[in-house]
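A short write-up of the structure that comes next.
Taken together, the values in this text are just the output of simple stated rules run on the coordinates, not laboratory data. Note that the structure is a prediction, hence the values are computed from the model and not measured. Backbone-built Cβ (ideal geometry, glycine too); neighbour counts: all protein chains shown.
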Amino acid sequence: MHRPSAALGTALLIATALSLAGCSTPAQDTPATASAAAATAGSANQADVEFAQMMIVHHQGALDMARLAAGRAGSPKVAELARRIEAAQQPEIETMTGWLDQWGAEPLAEAGAMPGMDHGSMTDTDAGGMASDADMRRLAEASGPQFDAAFLDLMTVHHQGAVAMAQTEVEDGRNGAAVDLARRVIADQTAEIELMGQLLASD
């Protein structure tokens, strides 16, 4: 009886090892690799955290105005703009809320500026572009062309505030996804500011 050669034995061992490797389940992340992945996903500085916290509040203000357009807007173009704003900004709120959770930070408890922030009070019309309570009451009571003019005026100022906040994030932020969102806010809302200027001029 012939004994298998050393080369054949080695080949059989390699084939067996490859077969076992193909049937094995993927290795689980070790605590070290899982920790590194979490750190990468949650890499954010204070500017990123403040951007997400304040922009969530800011977007909610835009949604509050946009939702008033249903049944009140006189122009179909204004109504469509309001729908577009809502469709864009609600998912962004959800995204930023998820970031804060990953970063171990909380959304703002109420619409007010955090101590030491540059954005100012979020309850004043000229600070961050947020409409005042009085502005919102007037908007809620308006309809037709009167609503359209008030909506476009308030949303223009609101967008300008969002663009300024986003520019700060682009300059000071570290998290790539947050900075990318800030750049998108600048591009999208600058375009909408131009559109709202055209709509106001056409009235």
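Less than 13 Å Cβ to Cβ from G74, Lys/Arg counted +1 and Asp/Glu -1: what total charge do the surrounding residues give? Net charge in that neighbourhood comes out at -1.
Find the percent of Cα-Cα distances in segment 42-202 that exceed 19 Å, and round it to a whole number.
The proportion of pairs with Cα distances above 19 Å equals 52 percent.
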